[in-house]
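Each value in this text was obtained by applying a stated rule to the coordinates, not by laboratory testing. Keep in mind the model is a prediction, meaning the values are calculated, not measured. With ideal geometry, Cβ positions are generated from the backbone for all residues, glycine too; neighbour counts draw on all protein chains shown.
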Amino acid sequence: MSFDGFSRELPKFLAKLAKNNDRDWFEANRDSYETHYVEAAKQFVSALGPELQKLAPVLAEPRINGAIMRINRDVRFSKDKRPYKDGLHLMFTEKKGREGAGFGLRIGARDIDLMAGCFGFSPAQLAAYRAAVIDPKRGKALRAAFEKATKAGEIEIGGGHYKRVPRGFDADHPNANWLLHNGLWAGISEPLPDSLFGSGAVRCIAQRFKYLAPVQRWVSDVVS
């Protein structure tokens with residue numbers, strides 16, 4: 001399926017939402033949300049999905065709660081009670097739920113964020129991950145995966161969580177810093193590319209994920 005690009009109305013909608021983050025404003029602008037956010041996202045996911053599936057066996061369901069994350073924020077345990085996210089969030093994982101390795105994209109009013117890997121490990125995945133980190137061959141492959149990902153530009157290494165190396169592991173191990181993670185992903189952020197608003201939108205994002213794919217592949221091989 002082809003995709004001719006997002007409308008320039010999407011970043012305008014997101015910018016206005018950031019300044020008017022309440023239900024009354026959102027309901028008054030629901031038409032813009034449905035057209036420029038939901039429908040455009042469905043078309044984009046349908047077009048991008050097959051390109052990402054060349055990199056990994058990810059799910060690419062063009063629907064809310066599929067690859068398209070809900071715009072509503074979960075405010076139950078947060079001091080920040082703003083009801084809506086001010087970005088379009090997409091997730092393409094190898095299995096449903098937060099534990100699957102995959103690709104994530106956030107489109108904001110002025111910038112985009114991309115990630116490849118896994119946001120959070122289950123206990124079993126965490127044990128497998130730690131064993132791989134200290135394994136000489138797999139540990140070397142991990143470092144190589146992030147090296148390859150730098151072709152995408154300056155990358156963030158995400159998922160760091162612990163302040164100390166877990167009990168039972170050598171704090172002087174060459175890969176000790178990787179043991180501080182409870183998730184692992186490579187991420188990049190950049191200003192909103194013009195190509196998102198034309199026929200090159202899918203190619204633009206697919207190419208960036210291709211650069212990040214070695215990290216996603218390493219994580220998937222270890223925790224799947």
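A few points about this structure:
- Total residues in the stretch 121-142, condition loosely packed, with under 14 Cβ neighbours inside 10 Å and either touching a Gly at 6+ places or on another chain (Cβ under 6 Å) or basic (Lys, Arg) (or both): 2
- Residue list for the stretch 1-44, filter: over 23 Å from GLY198 (Cα atoms) and outside any loop (DSSP other than H, G, I, E, B): LEU17, ALA18, LYS19, ARG23, ASP24, TRP25, PHE26, GLU27, ALA28, ARG30
- Options SER195, SER189, SER199: the member that is in a loop (DSSP other than H, G, I, E, B) and within 21 Å of VAL45 (Cα to Cα): SER199
- Criterion: within 23 Å of LEU55 (Cα to Cα), in contact (Cβ under 8 Å) with a residue 60 or more places away in the chain and more than 18 Å from the chain's Cα centre (by Cα) - qualifying residue of ALA201, ALA128, ALA152, ALA213: ALA128
- Selected residue (only one of LEU184, LEU142 is farther than 21 Å from LEU90 by Cα and either among the hydrophobic types (A, V, I, L, M, F, W, C) or in a strand (DSSP E or B) (or both)): LEU142
- Within the stretch 88-107, the set of residues being over 14 Å from GLY187 (Cβ atoms) and not aliphatic (A, V, I, L, M) comprises PHE92, THR93, GLU94, LYS95, LYS96, GLY97, ARG98, GLU99, GLY100.
- Of PHE92, PHE121, all but one fail to be in contact with a strand residue (DSSP E or B) (Cβ under 8 Å, 6 or more places away or on another chain) and part of a strand (DSSP E or B); the exception is PHE92.
- On the stretch given as the stretch 36-57, residues that are over 17 Å from MET91 (Cβ atoms) and free of Cβ contacts under 8 Å to residues at least 12 places away in the same chain total 2.
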